[in-house]
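Let me begin by presenting the structure, written as structure tokens, before commenting on it.
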Amino acid sequence: MRNSFPRKLIFLSSLVFAALLFGTSGYMLVEGWSFSDSLFMTVITLATIGYGETHNLSLAGRYFTIALIVFGTGVVGYGISSLTLMLFQGDLPLYLRRKKMEKLIAHMRQHTIICGLSHTGRYALEELLGTHHQVVVIEKDEANIALLQERDVPFIVGDASEDENLTAAGIAHARALISCLSADADNAFVVVTAKNLNPAVLAVAKAENESSRKKLLAVGADNVVIPSHLGGMNMANIVAHPETLHFFEHLHQRYPNQFHAQIHVLEERWEGQPLGSFLKEGFGSKAMVIALERSPGEVEFSPGPEVIMHSGESLLLIRNQQAAN
């Protein structure tokens, strides 16, 4: 699909050229004229200008001219009109927009690829755009593609499980991939293909049930989400812990795209360093640490800035998006 414009351009140009070649060669063979006279006669005949004959035509030349007018004029008319529409009203603007988008994607680094704009994919897209992440979407549904064009979101048209489309989306330089296709088998195939092209990419997939979740993890997914499971837990928490959810929803609605909860895994350079140094360097001290997980099962809640950190430990914190930009 991405090469359709060059193919159309070559095809239509070839039609016009073939008609000119046929007419020029015909006059040279039938009438014995020179190349320039034959070409001139062909052009004025196909263009229906009516300048008159270059030289007097023989009987065979007249029959050839009739054939050239009947067949050649239609071919040239179709070719030129199609070229005009393609260059100024249709394919050329789309082609130039596509080339610009491909250039933009080629320069992306540490971006996120979303495969499939299902309901889950749309929520993921909105959240990533709201947090100013670079995103590329692979989608084949025309309605969703129109939505992406309106939002000016970079996209690739095609099947997300094909190597060509993942490569075009910049999988080699991507930080993460989110597969939100409708079928769990398709999500598994996307994960396998993505991991084959970039083993370091963080692959997150959607699953419909626990059995599919286990299979997706087995084929290489780093994390698998069951939307119905999360939805059910959220509904239960609304009933069981309404105050807690109300607090977080209030912050999210009142300060959209600013309030974010994140988990950070500490790198080796933070080994033996105090928590305050991490907050000052990474967030300008404008973040609140909720918990520090030292090892599975060992969690320290609300640690102070003097707490010593170790590599591999995880921090759950709340931060302001603007403080990190």
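Quick notes on this structure:
- In this structure segment 4-89 gives 61 Å² per residue of accessible area when probed at 1.4 Å with all protein chains present.
- Dimensions of the chain along the principal axes, based on C-alpha atoms and rounded to the nearest Å, stand at 103, 41, 38, largest first.
- Using the empirical formula 2.2 N^0.38 Å as the baseline, the Cα radius of gyration of segment 256-320 reaches a ratio of 1.04.
- The slack in the chain from Asn209 to Phe17, taken as 0.36 nm per residue of separation less the alpha-carbon distance, amounts to 63.2 nm.
- Here segment 4-89 is treated as an ellipsoid with the same Cα gyration tensor; its semi-axes, largest first and in whole Å, are 27, 12, 10.
- Nearest-0.05 FRET efficiency for Gln149 and Asn223, computed from C-beta distance (R0 25 Å): 0.25
- Estimated from the Cβ-Cβ distance and a Förster radius of 45 angstrom, the FRET efficiency linking His119 and Ile80 is about 0.45.
- Counting DSSP beta bridges with both ends in the chain, the antiparallel % (nearest 5): 50 percent
- Note on Lys8 and Leu29: with the Förster distance fixed at 30 Å, the Cβ-Cβ geometry gives a FRET efficiency of about 0.45.
- For segment 108-231, the equivalent ellipsoid built from the Cα gyration tensor has semi-axes of 20, 17, 13 Å, listed from largest to smallest.
- As a fraction of the 1.4 Å probe accessible area of the chain, surface on carbon and sulfur atoms comes out at 60 percent.
- Solvent-accessible surface of segment 141-224, taken per residue with a 1.4 Å probe and all protein chains present: 48 Å².
The values are calculated or read from the model by the stated rules, or taken from the named source; none is laboratory data. Just so we're clear, the structure is a prediction, and the values are computed from it rather than from any experiment. So basically every Cβ, Gly included, is an ideal-geometry build from the backbone, and we count neighbours across all protein chains shown. Areas reflect the complete protein model, heavy atoms only, side chains present, ligands, DNA and RNA absent. Shrake-Rupley method; radii C 1.70, N 1.55, O 1.52, S 1.80 Å.
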